[in-house]
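Working notes for the structure below.
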Amino acid sequence: MRENVSSLKNVPLSDFCTYHTGGKARSLKIVYDIEGLLETAQGEYVVIGCGSKLLISDKGFDGKVILMRLSGMKLTESGVYAYSGVPLPALSRYCESNSLKGLEWASGIPGSVGGAVKLNAGAFGKSVSDVLRYVDVLKNGKIERLLRKDITFGYRTSDISDIIVGAEFECERTDEDMSALRKRYFSLRRATQPRGFSCGSVFKNAEKPAGWYIEQAGLKGLAQGGAIISEKHANFIINTGFASSQDIFTLIRAAKAEVKSKFDVSLTEEVIYLGEFY
Ligand SMILES: Cc1cc2nc3c(=O)[nH]c(=O)nc-3n(C[C@H](O)[C@H](O)[C@H](O)COP(=O)(O)OP(=O)(O)OC[C@H]3O[C@@H](n4cnc5c(N)ncnc54)[C@H](O)[C@@H]3O)c2cc1C
């Protein structure tokens with residue numbers, strides 16, 4: 001039988017993020033169920049879901065990392081409930097196979113339910129906050145339920161500060177061909193976004209899309225070590241295979257400086273840093 005938690009020491013965090021860069025974690029706890037979570041979520045820690053919004057320092061992280069792998073989904077009266085470690089593409093497919101509409105836009109986002117709720121992930125004009133009913137969080141050793149109306153969401157932000165355990169999403173039964181819709185969204189993504197190791201959009205949009213400023217500043221194709229500002233979409237920085245996190249960070253700094261100097265616009269990061277950068 002599987003344990004509730006796997007405890008690992010000095011583990012390369014590059015295995016747990018979509019950039020595939022970064023150093024080691026001193027302590028990594030992989031949590032598979034609520035019991036394991038209750039046992040592990042003590043003291044100081046950071047939570048990683050799918051690591052698809054993270055840039056992890058090459059020096060690693062000298063603290064405890066909880067890797068969220070709570071799994072399971074179920075149909076509810078209003079839609080679907082999913083535990084926080086469920087990948088969004090899996091949730092979206094589950095909805096599709098149950099003829100539920102509401103989360104099809106999320107099928108190409110490589111994050112977990114927990115990370116998506118925390119960051120109010122979105123695509124094609126929809127975001128988590130449009131379909132969320134409630135979130136279960138771990139607060140002071142107990143599971144508490146936060147209703148949608150009690151949470152403040154912004155553009156790729158929420159004010160949730162506790163560990164997300166699971167969430168219910170409102171979805172409707174439909175006769176529409178959800179598979180066709182998912183494929184349409186997928187093709188749109190393929191047409192506009194580059195392939196390769198990335199964190200999706202690096203910067204938040206300002207008055208205009210962040211990629212517009214970076215492109216107009218002539219930075220498409222700018223490379224540092226194994227990292228490059230994508231030719232296809234300037235708000236993506238790609239690890240071509242041998243980048244360090246520092247290479248990616250150097251390009252982030254260069255893009256911010258150039259955009260500031262050319263347009264007097266201060267781009268802010270959507271990517272989240274873990275560990276030290278200099
Ligand atoms: C190719 C690609 C395309 C993308 N496209 C999109 C897109 O279209 N739209 C979009 O919004 N994003 C997109 N992203 C970004 C990313 O997938 C989302 O932000 C996703 O929601 C992050 O989830 P995660 O589990 O990977 O979070 P992580 O990167 O693991 O963590 C992000 C933050 O959430 C916190 N967190 C994670 N899990 C929990 C939890 N259970 N409880 C509390 N806090 C938690 C972490 O501590 C961290 O602060 C894309 C990324 C890639 C690589």
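For the reader, a short list of remarks on this structure follows.
- Measure of compaction for segment 195-274 (Cα Rg per 2.2 N^0.38 Å): 0.97
- Distance between the modelled labels on Ala191 and Glu77, one decimal in nanometres: 4.2 nm (7 Å Cα→Cβ projection).
- Residue with peak Gaussian network fluctuation, the chain [Cα springs, cutoff 10 Å], from Asp247, Asp130, Asp175: Asp175
- For the chain, averaging the sequence separation of C-alpha pairs within contact (under 8 Å, six or more residues apart) and dividing by the residue count gives a relative contact order of 17 percent.
- Taking a ≥ b ≥ c as the square roots of the eigenvalues of the Cα gyration tensor, an a/c ratio of 1.5 or more together with a/b no larger than b/c marks the chain as oblate.
- When each full DSSP H helix of the chain is screened for a Cα extent of at least 24 Å along its own axis and an average Kyte-Doolittle hydropathy of at least -0.5, the helices passing are 245-263.
- Counting only lysines at least 8 places from Lys24 when in the same chain, those with an alpha carbon closer than 19 Å to its own are Lys9, Lys53, Lys59, Lys64.
- Fraction of the pair-distance distribution of segment 144-240 above 23 Å, Cα-Cα pairs, percent: 52 percent
- Equivalent ellipsoid semi-axes, segment 73-179, via Cα gyration tensor eigenvalues times 5, rooted, Å: 22, 14, 12
- Of interest is the spacing of the C-alpha centroids, which for segment 1-31 and segment 97-132 amounts to 25 Å.
- Radius 10 Å from Cβ of Lys9, net charge of other residues (Lys, Arg +1; Asp, Glu -1): +2
- Distance between modelled label sites at Ser99 and Thr152, nm, 7 Å Cα→Cβ extension: 4.2 nm
Just so you know, all these numbers are worked out from the coordinates, no wet-lab data involved. Bear in mind that the values here come from a model prediction, so they are computed numbers and not experimental data. Cβ coordinates were reconstructed from backbone atoms using ideal geometry, including for glycine residues, and neighbour counts include every protein chain displayed.
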